[in-house]
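Student: The structure under discussion is supplied below as structure tokens; questions concerning it will follow.
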Amino acid sequence: MVGYAQGSEALGRLGGTTPMSPDTAFAFFALAAGLLACRPELGIVGLARSEGMGGALVRRLLPAALGVPLVLGAMRYRLVRSGWLQPSTGVAITTATEMVTLFAITWIVAVWTDRLDHARRQSERAAAEQSEFLDSVIESLPTMVFVKEARELRFVRFNRAGEVMLGRPRSDLLGRTLYDILSSEEAAWREEADRRMIETLTEAVTSEEPILTKHLGERTMRFRRVPIFDRDGRPAYLLGIGEDVTELRRSEARVAELHRELEHRAEQLQASNRELEAFSYSVSHDLRAPLRHIDGFCDLLQRRASDRLDDQGRKYLGVIAQSAKSMGQLIDDLLAFSRMARADLNRGEVDLDKLVRDVGQELAAQAPGRTIDWRIGALPAVSGDAAMLRLAFVNLLGNAVKYTSTRERAVIEVDASLSNGEVVVCVRDNGVGFDMAYVHKLFGVFQRLHRNEDFEGTGIGLANVRRIVHRHGGRTWAEGVVDGGASFYVALPGTVAVDAGDSLRGAA
Amino acid sequence: MNRLKRVLLAEDNAHDVELTLAALEEYRLANEVVVVRDGAEAWDYLKRQGEFAERPEGLPAVVLLDLKMPRVDGLEVLRRMKQDPDLATLPTVMLTSSGEESDLVQSYRLGVNAYVVKPVAFQEFVDAVRALGLFWAVLNEPPPVAVRKAA
């Protein structure tokens, strides 16, 4: 073909023995190109198609190396033949042009290659920096991090926290499997979770294992494993994160132990409650029977043999009967008091205003002939056990009625205020009052500040009030002056019902 | 005046028996009070067996049961009575010292007709027994079975 292009008969017949026409030559060329193209990954075509630097150079330089001499040779032939140029001048010009053209092409390609190389170096540096950054992140993580390749489970990564944790350098592990370090039995069960994860392609597997460390003794480690998949979706690596959960498990065990202890205590408490129950049962049954007998036979004696006794004897009989009755009252009060502690609190909305007015009316009816000035302000509705709160106010108002009995005109005031989320109800009277020196005894069981001859009572009323209020989460206290009246306060916490504000404002 | 009917009193405490009898006597409310001293005796009496095999036929108008008794307690007697077709309709009253809620609940569950807590004060006790006697032995019409057998 070159012969055709340059009009050389000698090139047309290679070596002078093989004559070939241009179309035959073209057919041969096409055949060769086809042969090359059908195995594109091999030979020159493979190189020309390569993504590497060589491929880029071949693609840029080969067309020039083949094309430039061909074009220049054809031009020289035409110009010399048409007589425009002397053959010697043609050769010189062609040579010079080829030199310049090839120089220029080489130069351009070199500049381009250099630029490409520079960019590549830069991206390599960036990639290295990126990898260094990831390395330092993994190294600085405060938990043990390791990576194993998924086939043989050899360690390929192990971070500093892991080294510190185990107390051994990573060189002990990297490139090795657990079988190289531990007994095959131990390695087998420790690798079990790894294998399970890889085989089942699970997202993550968590296991907890005891690990013997160099400096900290045996620790409990919690391992979480995540598979790292390759492009085909097969697990290529296994990323593991190990946390020391020894303290956590220890405190959990402690909590569980405390819980068991608490349950044990609750059982004991229940047992002692049952005992208390049995005790109050036998108190109510067994203790009351002899009292009933004392009173009964006193009565029979009085009915049937009274005439055979003198006044002194009849008085003694009366005292015996009276004592039996008051002991019966004491037992009943005590049982009611203990029931109050055990009974369930039936919370509901309690209208204190109505409750206190009802109780006041009842008490007034029980004290005919007394002049009592009731001054009851507006009281709020609270949340609580209506029956219990009623008992508390029966005791408080009953006390007020009782201890004002020496007054010609008794004044009993009840009002409520709201402070710090508490409803504070105050019951005030102008009765005999009490000495503040003994205020601490006031709410105790069977504690009395007055003689029975002066004011009857068993000393359980205020103890009941306190118990009821405590069971509602509230407080009680009292103020008094000897012969100057008393004030009793009941504070119920956060128990104001919805409409309480209105009635409280009404009270203000 | 109505013919007075028989009353069965099951009570282990001698003092209580004496006081109860005294109270019933005071108002002459029962012409015959049969006293048994525990639940087993009460059961034997009601079933006419054991030492009561020879007793005259017929059932009392009312059974007054103490709760706590040796051998068989009041609740057990009550339970057996309610399961026995002959005795299930016989009026039964618990007369006891115990005002415990659990005793009350159990007694009523078993089908007791009344539950009376013996008051400590004798006068109140007399009043209570009198009211009981008046109601069960005089006013109340016992179920036909008791009447038929008593006749």
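Student: Assuming 0.36 nm per residue, please report the length gained on full extension of the stretch A:R249 to A:Q366 beyond their Cα-Cα distance.
Tutor: 35.5 nm
Student: A further question follows. Evaluate the distance, in nm, between pseudo-label points positioned 7 Å from the Cα of A:R78 and of A:E261 along their respective Cα→Cβ axes.
Tutor: Going from the A:R78 label point to the A:E261 one covers 10.9 nm.
Student: A further question follows. Can you give the angle from 0 to 90° between the axis of helix A:22-38 and the longest principal axis of chain A, with both taken from C-alpha atoms, to the nearest 10?
Tutor: Tilt relative to chain A: about 30 degrees.
Student: Counting Lys +1, Arg +1, Asp -1, Glu -1, what net charge surrounds A:I241 among other residues with beta carbon under 11 Å of its beta carbon?
Tutor: That works out to +2.
Student: While we're here: How many Cβ atoms of partner chains, on average, are near each residue of A:320-329 if near means within 10 Å of its Cβ?
Tutor: Whole-number average of other-chain Cβ neighbours for A:320-329 is 2.
Student: Assuming R0 = 51 Å, what is the FRET efficiency of A:T213 and A:A127, from their Cβ-Cβ distance, to the nearest 0.05?
Tutor: It comes out at approximately 0.90.
Student: Still on this model: Any idea how far apart A:L276 and A:V164 come out in nm if each label point goes 7 Å out from Cα toward Cβ?
Tutor: 5.4
Student: Compute the Rg/Rh shape ratio of the stretch A:265-392: radius of gyration over Kirkwood radius, all on alpha-carbon atoms.
Tutor: 1.14
Student: Cross-link partners among lysines for A:K325, C-alpha distance below 21 Å, same-chain residues fewer than 8 apart left out?
Tutor: Within the straight-line limit of under 21 Å, A:K325 reaches these lysines: A:K315, A:K402, B:K118.
Student: Counting Lys +1, Arg +1, Asp -1, Glu -1, what net charge surrounds A:P169 among other residues with beta carbon under 11 Å of its beta carbon?
Tutor: +2
Student: Take the alpha carbon gyration tensor of chain B, find the square roots of its eigenvalues, order them as a ≥ b ≥ c, and report rounded if a/c is under 1.5; if not, report prolate when a/b exceeds b/c, else oblate. Kindly include the intermediate steps, with their values, before the conclusion.
Tutor: Numbers: a/c = 1.38, a/b = 1.09, b/c = 1.27.
In terms of gyration-tensor shape, rounded.
Student: Please work out how much length the chain gains when fully extended from A:A65 to A:T406, using 0.36 nm per residue of separation minus the C-alpha to C-alpha distance, in nm with one decimal.
Tutor: Gain on extension, A:A65 to A:T406, equals 109.1 nm.
Student: Quick one: angle between helix A:53-81 and the longest Cα principal axis of chain A, in degrees between 0 and 90, rounded to 10, please.
Tutor: 30
Student: Also, quick follow-up: If the only charges are +1 at each Lys and Arg Cβ and -1 at each Asp and Glu Cβ, what is the size of the charge dipole of the protein assembly as shown around the Cα centre, to the nearest 20 debye?
Tutor: 2400
Student: Sorted by average packing, counted as other Cβ atoms within 10 angstrom per residue and highest first, what order do A:126-136, A:429-439 take?
Tutor: Details: A:126-136: 10.2, A:429-439: 17.5.
In decreasing order of mean packing, A:126-136, A:429-439 become A:429-439, A:126-136.
Student: Helix-only mean residue ellipticity at 222 nm, the protein assembly as shown, DSSP H runs n ≥ 4 weighted -39,500 (n - 2.57), per residue, nearest 500. What is it? Walk me through the numbers before you get to the answer.
Tutor: On the way: 22 runs with 343 residues, N = 659.
That comes out to -17000 deg cm²/dmol.
Student: Another question about this same structure. Could you give the angle, 0 to 90 degrees to the nearest 10, between helix A:352-366's Cα long axis and the longest principal axis of the Cα atoms of chain A?
Tutor: Orientation of helix A:352-366: about 10 degrees from the principal axis.
Student: A further question follows. Tell me, what HN-Hα J-couplings in whole Hz come from the Karplus equation 6.51 cos²θ - 1.76 cosθ + 1.60 at θ = phi - 60° for each residue of the stretch A:392-398, using x for Gly and Pro?
Tutor: Ordered by residue, 3J(HN,Hα) equals 4, 6, 4, 5, 5, 5, x Hz.
Student: A further question follows. Taking a ≥ b ≥ c as the square roots of the eigenvalues of the Cα gyration tensor of the stretch A:317-449, is the shape rounded (a/c under 1.5), prolate (a/b larger than b/c) or oblate? Each step should come with its number before you reach the end.
Tutor: Numbers: a/c = 1.66, a/b = 1.22, b/c = 1.35.
It is oblate, given that a/c is not under 1.5 and a/b is not larger than b/c.
Student: Return the Rg/Rh ratio of the stretch A:252-328 with Cα-based radii and a Kirkwood Rh.
Tutor: Numbers: Rg = 24.3 Å, Rh = 16.2 Å.
That ratio is 1.50, to two decimals.
Student: Still on this model: Hey, if you put +1 on the Cβ of every Lys and Arg and -1 on every Asp and Glu Cβ in the stretch B:6-146, which of B:L46, B:V7, B:A128 ends up farthest toward the positive end of that dipole?
Tutor: It is B:L46.
Student: Let me ask you something else. Of A:S323, A:Q268, A:A278, which is farthest along the charge dipole of the stretch A:252-328 in the positive direction, counting Lys and Arg as +1 and Asp and Glu as -1 at C-beta?
Tutor: A:S323
Student: Mind listing the Cα extents of the protein assembly as shown along all three principal axes, in Å, largest one first?
Tutor: So the extents along the principal axes, rounded to whole Å, are 181, 73, 53.
Student: At a 10 angstrom cut-off on C-beta neighbours, averaged per residue, how do the peptides A:145-158, A:316-329, B:63-76, A:207-220 rank from highest to lowest?
Tutor: Packing proxy ranking, top to bottom: B:63-76, A:145-158, A:316-329, A:207-220.
Student: Partner chain Cβ atoms within 10 Å, averaged over the residues of A:295-306 - can you pull that number for me?
Tutor: That works out to 4 on average.
Student: Could you work out how far apart the two model spin labels at A:C38 and A:F103 are, taking each label as a point 7 Å from the Cα in the direction of the beta carbon, and quote it in nm?
Tutor: Output for this residue pair reads 4.6 nm.
Student: Specify which residue in the list B:A22, B:L90, B:Y115 is farthest towards the positive end of the charge dipole of the stretch B:1-116, using unit charges on the beta carbon of Lys, Arg (+1) and Asp, Glu (-1), about the Cα centre.
Tutor: Highest projection toward the positive end goes to B:L90.
Student: I want the local charge near A:H472. Using Cβ-Cβ distances under 14 Å, sum +1 for each Lys or Arg and -1 for each Asp or Glu among the other residues.
Tutor: Combined, the nearby Lys, Arg, Asp and Glu give +2.
Student: Starting from the Cα gyration tensor of the stretch A:39-118, take the square roots of the eigenvalues, sort them a ≥ b ≥ c, and report rounded, prolate or oblate (rounded when a/c is under 1.5, otherwise prolate if a/b is larger than b/c, else oblate).
Tutor: oblate
The numbers here are math on the coordinates, done by the rules we state, and not lab data. Since this is a predicted model, take the numbers as computed values, not measurements. With ideal geometry, Cβ positions are generated from the backbone for all residues, glycine too; neighbour counts draw on all protein chains shown.
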